[in-house]
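Working notes, beginning with the structure itself.
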Amino acid sequence: MVVPPAPSLVLSFADARRVIEEQAAQIRAGEIESASLLDAAGRVLAETVVADRDLPPFPRSTRDGYAVRSADLARVPARLEVIGEIKAGEQPNKIPSHLAAGQAVSIMTGAPVPAGADAVVMVEFTSQHGKQVEIAKSLAAGENVVPRGAEAREGKVLIDRGQRLNDAAIALAASVGRSHLQVYRRPPVAVLTTGDEIVDINVAPGPTQIRNSNSYSLAVQIRQAGADPVLLPIAPDEPQRLRALIDEGLQTDLLVLTGGVSMGRYDLVEQVLSDMQAEFFFTGAKIQPGRPVVFGRCDAGTLARESPGKYFFGLPGNPVSTMVTFELFARPILEALAGMSPRKLVFVHARLKSEIRVKPGLKRFLPAILSGEFENSEVENVPWQGSGDIAATARANCYVVIPEDRDHILAGELVALLMR
Ligand code: AMP
Ligand code: MG
């Protein structure tokens with residue numbers, strides 16, 4: 001039986017992204033597991049972390065110096081009577097219960113500011129003579145003191161469900177005494193490389209064969225996005241074997257195919273998926289590299305009838321196209337499957353070092369090197385042989401984004417960069 005090919009659904013970059021965002025918003029994350037605090041780093045939080053007490057739990061001095069009543073320093077220099085010393089962690093019974101007018105307490109960074117005091121003057125502006133301290137600088141009420149509960153009140157949500165746990169989030173969880181956190185399970189994601197010319201990396205390639213590199217770049221990107229890659233055997237450009245492997249891939253949470261989505265006679269991925277009654281959201285995006293990218297949903301034969309199926313991506317086989325289209329389209333779906341709250345793509349901006357000329361009509365993501373610090377940062381695209389050139393891309397640390405309506409970007413122009 002000859003099934004007509006899937007209709008061509010080539011979208012603008014913005015429309016393709018909109019489709020991705022809409023689908024990602026509908027995804028409900030899977031199972032939850034407990035992880036020890038350090039193992040939770042990089043994972044996605046599946047609960048909320050709340051403050052178990054006020055933060056800080058007492059008015060905290062942010063300086064070494066003297067706790068004072070700011071009103072006593074209306075005129076400087078002023079001399080105050082030193083009635084004691086408070087170090088960080090001082091027991092409450094050792095802290096002067098109240099500071100009266102004309103009095104000061106020597107205090108260390110992180111120590112509780114006693115009642116009556118409303119500011120801390122830095123030690124640099126003082127000199128102590130016996131029981132007296134001379135202060136050269138006046139200061140406003142509240143200076144160098146963080147009031148109790150100013151960072152968070154007891155019970156406040158500090159980290160939301162769906163947030164990826166970075167260093168600061170782990171520190172925050174530690175600060176409220178959480179040794180274990182509930183996180184989402186890492187979803188398994190199948191990687192299926194296609195192509196008669198592709199061989200495993202432990203096989204000596206024939207003169208016209210190509211080693212499989214895409215499965216490895218994808219595995220790295222999948223791990224970084226918070227999922228577990230499952231590398232399937234390489235599929236030949238032959239419909240039956242391809243279909244069997246697609247079926248296997250659809251048993252995981254997401255199937256990422258590479259290769260076989262261009263217009264060639266042996267590009268069978270779309271055809272086989274459409275034979276399987278797949279639903280296609282798009283079959284191309286007006287970008288370069290990566291124009292033939294395919295996104296859809298398909299029911300593996302073994303899934304329940306009412307199941308909406310599993311998402312799949314058919315990424316173009318050219319290695320740079322594979323990497324770029326994963327970042328732009330597959331990552332958000334995968335992050336949603338991994339429990340992450342949706343987020344927009346993040347771009348940074350820098351000045352272009354040398355002009356770029358391109359043909360207009362496609363939004364381009366060209367491998368580039370961002371260098372220089374602060375106001376000296378600049379970006380230059382890496383000379384490359386097109387979207388098969390992994391060597392050039394491995395030297396790059398970002399992609400310069402060229403809008404679809406531009407054919408000439410001048411040196412010195414501010415351009416958007418997608419970091420990698
Ligand atoms: P395709 O998208 O199948 O037309 O492949 C486009 C180009 O990417 C061809 O030159 C392929 O040899 C190359 N290619 C496809 N898959 C891989 C892979 N897994 N690793 C490295 N190169 C690949
Ligand atoms: Mg191919």
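Overview of results
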item: Over region 365-417, relative contact order from alpha-carbon pairs under 8 Å, at least 6 apart, %; result: 37
item: Neighbour-limited loop hits for GluC sites (Glu not before Pro), region 90-156 (at most 14 other Cβ within 10 Å; DSSP other than H, G, I, E, B); result: 154
item: Charge sum, other residues only, whose C-beta stays under 12 Å from residue 354's C-beta, Lys/Arg counted +1 and Asp/Glu -1; result: -1
item: Contact order relative to length of region 310-379, as percent, for alpha carbon pairs under 8 angstrom and 6 or more apart; result: 22
item: Cα shape, region 22-136, gyration tensor, a/c 1.5 rule; result: prolate
item: Listed residues 132, 182, 288, most fluctuating in the chain (Gaussian network, C-alpha, under 10 Å); result: 132
item: Summed side-chain charge close to residue 118 - residues other than residue 118 whose Cβ falls under 15 Å, Lys, Arg +1, Asp, Glu -1; result: +2
item: Value of relative contact order over the chain, rounded to a whole percent, pairs C-alpha under 8 Å and six or more apart; result: 17
item: 1.4 Å probe accessible area per residue over region 224-276, in Å²; result: 44
item: Euclidean distance between Cα centres, region 91-109 to region 27-70, Å; result: 28
item: Within the chain, helix-based [θ] at 222 nm, where runs of 4 or more DSSP H residues each add -39,500 (n - 2.57), nearest 500; result: -5000 deg cm²/dmol
item: Placed amide H near residue 230: partners under 5 Å, 5+ positions off or other chain; result: 189, 190, 191
item: Residue-count net charge about residue 285 - beta-carbon cut-off 10 Å; Lys, Arg +1, Asp, Glu -1; result: +3
item: Residues residue 179 and residue 123, FRET efficiency given R0 of 51 Å [Cβ-Cβ distance, rounded to 0.05]; result: 0.90
item: Full-stretch length increase - residue 413, residue 74 - with 0.36 nm per residue and alpha-carbon distance subtracted; result: 116.8 nm
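The values are calculated or read from the model by the stated rules, or taken from the named source; none is laboratory data. Given the structure is predicted, the values throughout are model-derived calculations rather than measurements. Neighbour counts are summed over all protein chains in view; Cβ atoms, including those assigned to glycine, are modelled from backbone coordinates with ideal geometry. Calculation scope for accessible area: heavy atoms of the full protein, side chains included, ligands and nucleic acids excluded. Shrake-Rupley method; radii C 1.70, N 1.55, O 1.52, S 1.80 Å.
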